[in-house]
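Single-structure report; data block below.
The values are calculated or read from the model by the stated rules, or taken from the named source; none is laboratory data. Predicted, not measured: the structure shown is a model, and the values here were computed from it. Virtual Cβ from ideal backbone geometry, glycine too; neighbours counted across all protein chains shown.
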Amino acid sequence: MEQRRVARIGIPLVLCLLFFGVQCWLLTSGSKTQPAQMLIADTSELKASPALAEVSTNVPPQVLYARAWKLLKDNFYEQGFNTQDWSRWQHHYDGKLKTPEDAHKAIETMLASLADPYTRFLDRDSFDEEKSQIEAHLFGVGMQLGMNKEHKVVVIAPIEGTPAFNAGVHPGDEILEVNNKPVKGQSLDQVVKQIRGEINSIVSITFLRKQDKRKVSLKRAEIPIKAVASCEILPDNLGYIRLDSFISQKANSEMRQALKKLSNTDGLIIDLRNNPGGLLSNAIDIANMFLDHGTIVSTIDSEGYKAKTEAANSPISKQPIVVLINQGSASASEILSGALHDNERAKLVGQKTFGKGLVQSINRLDDGSGINVTIARYLTPNDVDIHKQGISPDKDCEVVLKDDDYTKGRGPWWIDLSYSNFKHSPKDGKDVQLAKAVEVLKKEVSTQPSHKTVSLKKH
């Protein structure tokens, strides 16, 4: 099936398509606006599937490049190609590409000419990692890691039930060595890559806790990836859900479970701060959990075709809602925020969002590498183009954070730049943006009739 035809029958209905193997709609900022850098130390190996097994290592470099060129020609959303004649690249490297690495460099150079940071080449490892996040299959030891101001790699938190958790790894433990090699002077990403590896293989890690060194051998295992990072009942019977990402295909089912748990609360706070985005389908599915009418999002492709996605009119929650946003809320987060706000379903509290109003497709090339291609731009239900503009909080609901708010613990409750206080909670009252959200939600609850979560059904 040709990709453009699929787009015309409704981009929002598509999750994955076959195109050089696998293609998915992706929305993500690709930005690092989060004050605390954090990575999950797990591999991106995928479980075997027929589509993924068809990777070829014998594709001529010139063929690989030619297919990448045509992919961009047929799908890139801005057909002016950054004011250049795209045909100039078609034969630009004829006779010059001898190896796959040559082809990759040529593709990267070609993509750079578009000046679009979201249209980018992914080597095989990066493509596999992106796919693994979507399929929620990661293999590793189960630690969230960060790098503090002293450039020390520390454990933010072990994930419950994982090898690291079961071995007694604690938040705040510093990593000194991986497989007997010191990590000092390395980047966080370099350390994470050393901790990664095949399932059931062993990695040796030396930790420092206060003055005590401890070497631990951990067997890598499958690590659960959670899109819903927190689901709690706050004082005054208010529900709180922190959605970390829209990238996992399980994000919508996790949100349904969270809503079921909070079905008897009087109102909901949906925390999208520092949520960089993910799958378009997840943003639409989750918006449908709250909307009984209206447009969710509109997309405009390279030919100027506008497709609207309307609410399915079957919400599972009618509780008053406040959505927490900040400069790290991007793309799919902005679609959900815009859908709930423009349909007068939620109040927005916090700071202006990132402003990423473009849609990407994930495309795998024959050799297992891939390209994320910007294929469309989107508008909020009120036909607002938020790209490079962002979405602002409601009037009197803006809470701007300064640098010292983070250092003094008044920022998002789970962020601690000192990497020393790991007993965070949305109930501790220190998070000033969350406190404002609670204040706004209480007012909304007091002025609206009681609405509980309706019967949860599969749609």
Out of (1) under 21 Å from I269 (Cβ atoms); (2) touching a residue at least 40 places away in the same chain (Cβ under 8 Å); (3) buried (at least 18 other Cβ atoms within 10 Å of the Cβ); (4) over 22 Å from the mean Cα position of the chain (by Cα), what's the single condition that is false for P426?
(4)
What number goes with the only condition from (1) in contact with a Gly (Cβ under 6 Å, 6 or more places away or on another chain); (2) touching a residue at least 40 places away in the same chain (Cβ under 8 Å) that A311 does not pass?
(2)
Extreme residue, modelled with the lowest pLDDT, among residues of the range 401-459 that are in contact with a strand residue (DSSP E or B) (Cβ under 7 Å, 6 or more places away or on another chain) and not hydrophobic (A, V, I, L, M, F, W, C)
Y419
Assuming E150 fulfils every condition listed in (1) assigned by TED's automatic domain parsing to the domain that holds K193; (2) under 25 Å from the mean Cα position of the chain (by Cα) apart from one, which condition is it?
(2)
Looking at the range 175-230, which of its residues are under 14 Å from L138 (Cα atoms) and hydrophobic (A, V, I, L, M, F, W, C)?
V192, I195, I199, A221, I223, I225, A227
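Which of the residues belonging to the range 198-244 are among the polar types (S, T, N, Q) and more than 27 Å from L279 (Cα to Cα)?
Here is the first cut: in the range 198-244, the residues among the polar types (S, T, N, Q) are 200-201, 204, 206, 211, 217, 230, 237.
Answer for the range 198-244, where residues must be among the polar types (S, T, N, Q) and more than 27 Å from L279 (Cα to Cα): N200, S201, S204, T206, Q211, S217, N237.
Given the range 61-158, what helices (runs of 4 or more DSSP H) lie entirely inside it while holding 2 or more residues that are farther than 30 Å from I223 by Cβ and not basic (K, R)? I'd like the intermediate steps shown before the answer.
Details: elements: 61-75, 100-112, 124-135.
In the range 61-158, 61-75, 100-112 are the helices (runs of 4 or more DSSP H) which contain 2 or more residues that are farther than 30 Å from I223 by Cβ and not basic (K, R).
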Given the condition modelled with pLDDT of 95 or more, touching a strand residue (DSSP E or B) at 6+ places or on another chain (Cβ under 7 Å) and farther than 30 Å from L72 by Cα, answer yes or no: does some residue in the range 301-316 qualify?
yes
Residues that are under 19 Å from A312 (Cβ atoms), in contact with a Leu (Cβ under 7 Å, 6 or more places away or on another chain) and either modelled with pLDDT under 95 or surrounded by 24 or more Cβ atoms within 10 Å (Cβ to Cβ) (or both), drawn from the range 269-289:
I270, L279, L280, S281, A283, I286, A287
